[in-house]
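Visitor: Please read through the structure below; I'll follow up with questions.
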Amino acid sequence: MWIAALPPAVPQVQAQQAQTSAPTPEKATAFERAVVQEMSDARVRPRAWAKLLREFREGFEGTLWKRPGRTALRTEEGLKAFDEAIAFLESARPVGLLRFNEGLARAARLHAQDLGPRGGVEHASADGSRLSDRLNRLGTWHGVIAENIATLEEDPRQVVIQLLVDDGIPGRGHRRNLFNPDFHQAGCGSAPHRDYRIVTVIDYADGFVPNP
């Protein structure tokens, strides 16, 4: 991944859960909503996103990606991961839209706020809770759930490009989550990060109903 590899995407969980309430953070920001919108667009128009990635392709010098108007990034795989993502997008069939879910965004933001001060990039919170635990505190989820984590990027489209390319991540778990047709809702939460400037957490679900 850019500069440092991201952790693998958390495995999907199959079940139905409901538990107690938790403190409710602020409403989603425009950036957080835009990340979900960009992911949804990539799912619906994968070939358009393949074309977009091709436009960035010329900026590579070995593993260094020189982006016009942006800080150059050191990748692990260079063009290999980029070209693989382009090939995937060119052959991918469109999947359904992702609907923004404020409850999932709260869960994602709480985890981002937990990770940021301690410099974490893992899916477990400081208290050891996993994604299912965090969602149980906020409401009821059903079907499948998963979580992606991105760092460094403060532009919504660049966050999604990072997840699509999935540089340095075996199995491209972030990309698989993004294109999983079983996910119909998503929420995004971001926070300042001690080591990577910003951390962005995206939580996906078939469905999620927040507690009243």
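The values are calculated or read from the model by the stated rules, or taken from the named source; none is laboratory data. All values derive from a computational prediction rather than experimental measurement. Heads up, the Cβs are rebuilt from the backbone with ideal geometry, glycines too, and the neighbour counts pull from every protein chain shown. Just so you know, the surface numbers come from the protein's heavy atoms only, side chains and all, with ligands and any DNA or RNA stripped out. Shrake-Rupley method; radii C 1.70, N 1.55, O 1.52, S 1.80 Å.
Visitor: Just to be sure I understand, how many residues within the range 168-185 are under 15 Å from ASP206 (Cβ atoms) and touching an Asp or Glu at 6+ places or on another chain (Cβ under 7 Å)?
Guide: 3
Visitor: Any residue at all in the range 182-190 that's in contact with a helix residue (DSSP H, G or I) (Cβ under 8 Å, 6 or more places away or on another chain), of a type in the set (S, T, N, Q) and modelled with pLDDT under 95?
Guide: no
Visitor: Still on this structure, I have one more. Does VAL121 meet the test of being closer than 18 Å to ASP195 by Cα, touching a residue at least 60 places away in the same chain (Cβ under 8 Å) and part of a helix (DSSP H, G or I)?
Guide: Spelling it out, it is not the case that VAL121 is closer than 18 Å to ASP195 by Cα, touching a residue at least 60 places away in the same chain (Cβ under 8 Å) and part of a helix (DSSP H, G or I).
Every residue, every condition in (1) under 20 Å from the mean Cα position of the chain (by Cα); (2) at pLDDT below 95; (3) closer than 28 Å to GLY189 by Cβ, yes or no:
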| residue | (1), (2), (3) |
| --- | --- |
| ARG57 | no, yes, no |
| LEU73 | yes, yes, yes |
| LEU89 | yes, no, yes |
| LEU104 | yes, no, yes |
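Visitor: Specify the residue that is surrounded by the most Cβ atoms within 10 Å (Cβ to Cβ); the eligible residues are those in the range 123-146 that are out of contact with any Phe, Trp or Tyr (no Cβ under 9 Å at 6 or more places or on another chain) and under 19 Å from LEU178 (Cβ atoms).
Guide: Once the filter is applied, the top-ranked residue is LEU131.
Visitor: Next up: Out of curiosity, is ALA81 in contact with a Ser or Thr (Cβ under 8 Å, 6 or more places away or on another chain) and of a type outside the set (S, T, N, Q)?
Guide: Considered against the rule, which asks whether it is in contact with a Ser or Thr (Cβ under 8 Å, 6 or more places away or on another chain) and of a type outside the set (S, T, N, Q), ALA81 comes out as yes.
Visitor: Restricting to the range 165-211, name every residue that is open to solvent by 10 Å² or more (accessible area, probe 1.4 Å), of a type in the set (A, V, I, L, M, F, W, C) and outside any strand (DSSP E or B).
Guide: The one that is open to solvent by 10 Å² or more (accessible area, probe 1.4 Å), of a type in the set (A, V, I, L, M, F, W, C) and outside any strand (DSSP E or B): PHE179.
Visitor: Is at least one residue of the range 134-146 farther than 24 Å from PHE56 by Cβ and in contact with a His (Cβ under 9 Å, 6 or more places away or on another chain)?
Guide: Looking for residues that are farther than 24 Å from PHE56 by Cβ and in contact with a His (Cβ under 9 Å, 6 or more places away or on another chain), one finds at least one in the range 134-146, hence yes.
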